[in-house]
Amino acid sequence: MAELTCDVLVVGAGPTGLMLANWLVKLGVNVIIVDGKDGPTRESRALVVQARSLEIYDQLGLGDLVLAAAQRADALAPGYLDRAFGRVPLGPLGQGVTPYPYLEVLEQSRNEEILHENLQKLGLDVRWETAVTAIKQTDSGVVAKVGNDTVRARFCVGCDGANSAIRKRRRIAFEGLTNPHRFYVLDAVAAGGLVEGAINVRAGTDDFLLGFPMRGRGSWRLIGLVRDEDGDGELSEEDVRPRIRKFAVTYDRSRWFATYRVHHRIAAAFRDGPFFLAGDAAHVHSPVGGQGMNTGLQDAHNLAFKLADVIQGRRRDNWLDRYEAERRPVAKRLVGTTDRIFSGVTSQKPLSRAMRRLIVPLIAPIGVRVLPSTRGGSRLFQYVSQTRIHYWMTPGAEHASGGHRDSVVGRRLPWTGDNYVPLRSLRWQVHAYGGFRATDIPDLGVPVHIFPEAPDTFLRPDHLYLIRPDGFVAAAALPADALRQFPPLMTG
């Protein structure tokens with residue numbers, strides 16, 4: 001039995017916990033990460049990596065590795081029952097928005113392997129088969145019983161899933177509901193009847209089918225509703241096959257089959273003193289949009305930089321309140337949106353069934369033709385890819401602005417082609433876009449990077465932009481006002 005100390009105790013080594021530990025170690029923070037499992041997840045579970053998450057992987061130095069392991073989906077293919085209405089190419093929708101204008105399909109287990117291997121290269125490993133059996137707050141942070149050891153930490157982050165022990169021990173409510181239907185997830189081998197290289201979205205009167213291409217010819221992840229068709233009291237793969245055939249989809253065999261219920265829940269608080277929640281411990285929702293794992297990865301990215309800023313003295317403790325202020329509204333909006341979409345897709349009310357039967361075959365073919373050439377298509381891509389997320393950068397800003405969101409401040413830095421390279425320094429920095437010389441810019445105590453004008457973005461050539469290490473724009477000002485308007489980094 002030993003007594004261990006660290007800056008941050010991370011509980012849970014799924015995608016969120018591993019991403020958080022990677023970032024914290026890279027930022028020079030002393031971390032212990034524990035998990036009661038015997039190793040990384042073996043089932044594929046979540047499998048879509050959105051553009052914003054790929055940008056985070058790239059900043060971590062793993063972008064090329066993730067892309068090499070993933071199966072690209074370069075289009076959406078909407079349909080109704082056995083009819084497919086064509087392809088909506090994603091590339092044009094994301095052009096100029098991100099270096100990754102596609103959806104990359106990479107199962108959760110492989111994400112975890114990549115993150116775990118990188119964590120080991122950084123000099124840290126997970127303490128597997130090590131559960132937290134007791135934890136309490138102290139004057140200096142947290143003390144936890146971890147396996148046979150005692151861990152004293154300044155902060156603790158619960159990344160331990162929907163049944164989070166940390167959330168329960170802190171008595172934080174998990175508000176929301178559970179969808180009444182049961183769903184299946186099936187990894188099919190030698191599947192046919194799907195539009196290749198695309199994410200297939202098929203609606204039906206009383207059913208739906210999602211198809212995600214995976215690595216290997218004819219390999220697909222299929223998701224839909226399951227009911228006890230044969231009345232034997234069990235939900236098996238044989239109950240699923242006839243439902244899949246309604247969509248003219250066939251397959252030879254499955255590598256993995258499971259059933260589950262979809263929950264739409266969000267923690268009442270993401271911070272409780274020295275305790276934080278991230279990923280599924282903080283929010284769970286339906287697989288619509290493929291954003292669950294991605295939202296957890298982005299929680300980890302956001303929180304890691306804030307913890308490092310406070311631990312290393314650049315910010316005061318109240319800077320950590322920004323984590324909940326920024327990430328909980330994102331999760332709340334996502335849970336609400338996916339709940340409404342999922343309810344619409346799965347409702348068995350006569351009106352909902354009729355709407356699906358009449359409207360989907362009418363609207364979907366029009367969308368296939370129109371979306372690639374409209375601003376609405378690009379905006380839809382930005383929402384799904386999570387590149388359009390906005391944070392209010394100062395308390396009460398939403399009220400002071402009348403709810404109007406700034407086109408740059410509070411958003412992820414607009415991508416201009418080469419301006420993401422300096423983000424790999426993991427430092428606060430100032431950007432200028434056109435019309436500046438180094439002598440025009442006052443000494444702001446952080447690195448300054450000057451780029452050509454970016455006319456296809458909202459970045460203004462007469463302004464300076466303060467960029468956070470996580471790539472979000474913290475403030476904008478004219479050069480003469482920057483010293484006064486940019487928040488000082490040492491005072492919080």
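Tell me, yes or no, whether region 463-480 has at least one residue that is part of a loop (DSSP other than H, G, I, E, B), within 29 Å of the chain's Cα centre (by Cα) and more than 30 Å from residue 20 (Cα to Cα).
no
Quick check, is residue 4 surrounded by fewer than 17 Cβ atoms within 10 Å (Cβ to Cβ) and within 21 Å of residue 98 (Cβ to Cβ)?
It is false that residue 4 is surrounded by fewer than 17 Cβ atoms within 10 Å (Cβ to Cβ) and within 21 Å of residue 98 (Cβ to Cβ).
Out of 301, 283, which single residue is open to solvent by less than 10 Å² (accessible area, probe 1.4 Å), touching a strand residue (DSSP E or B) at 6+ places or on another chain (Cβ under 9 Å) and under 30 Å from residue 30 (Cα atoms)?
Criteria check complete, one pass: 283.
Considering each of 201, 240, 195 in turn, give the residue that is buried (at least 16 other Cβ atoms within 10 Å of the Cβ), assigned to a loop (DSSP other than H, G, I, E, B) and not acidic (Asp, Glu).
195
Do we find a residue being within 15 Å of residue 310 (Cα to Cα) and buried (at least 24 other Cβ atoms within 10 Å of the Cβ) anywhere in region 19-28?
Checked region 19-28: at least one residue is within 15 Å of residue 310 (Cα to Cα) and buried (at least 24 other Cβ atoms within 10 Å of the Cβ).
Which of the residues belonging to region 147-172 are surrounded by 15 or more Cβ atoms within 10 Å (Cβ to Cβ), hydrophobic (A, V, I, L, M, F, W, C) and part of a loop (DSSP other than H, G, I, E, B)?
159, 172
Would you mind telling me which numbered condition in (1) farther than 12 Å from residue 479 by Cα; (2) out of contact with any strand residue (DSSP E or B) (no Cβ under 8 Å at 6 or more places or on another chain) residue 442 fails?
Every listed condition holds for residue 442 apart from (1).
Taking region 286-298 as the search range and keeping residues that are assigned to a loop (DSSP other than H, G, I, E, B) and open to solvent by 10 Å² or more (accessible area, probe 1.4 Å), which one is nearest to residue 138 (Cα to Cα)?
291
Can you pull out the helices (runs of 4 or more DSSP H) entirely within region 58-124 that have at least 3 residues that are modelled with pLDDT of 90 or more and not hydroxyl-bearing (Ser, Thr, Tyr)?
It comes to 63-69, 108-121.
Are any residues in region 207-221 under 16 Å from residue 46 (Cβ atoms), crowded, with 19+ Cβ neighbours inside 10 Å and out of contact with any Asp or Glu (no Cβ under 6 Å at 6 or more places or on another chain), and if so, which ones?
210, 211, 212, 213, 214, 220
Just wondering, is there one or more residues in region 249-267 that are open to solvent by 10 Å² or more (accessible area, probe 1.4 Å) and in a helix (DSSP H, G or I)?
no
The values are calculated or read from the model by the stated rules, or taken from the named source; none is laboratory data. Because the structure is predicted, anything quoted here is derived from the model rather than measured. Neighbour counts are summed over all protein chains in view; Cβ atoms, including those assigned to glycine, are modelled from backbone coordinates with ideal geometry. Note: accessible area is taken over every heavy atom of the protein model, side chains too, but ligands, DNA and RNA are not part of it. Shrake-Rupley method; radii C 1.70, N 1.55, O 1.52, S 1.80 Å.
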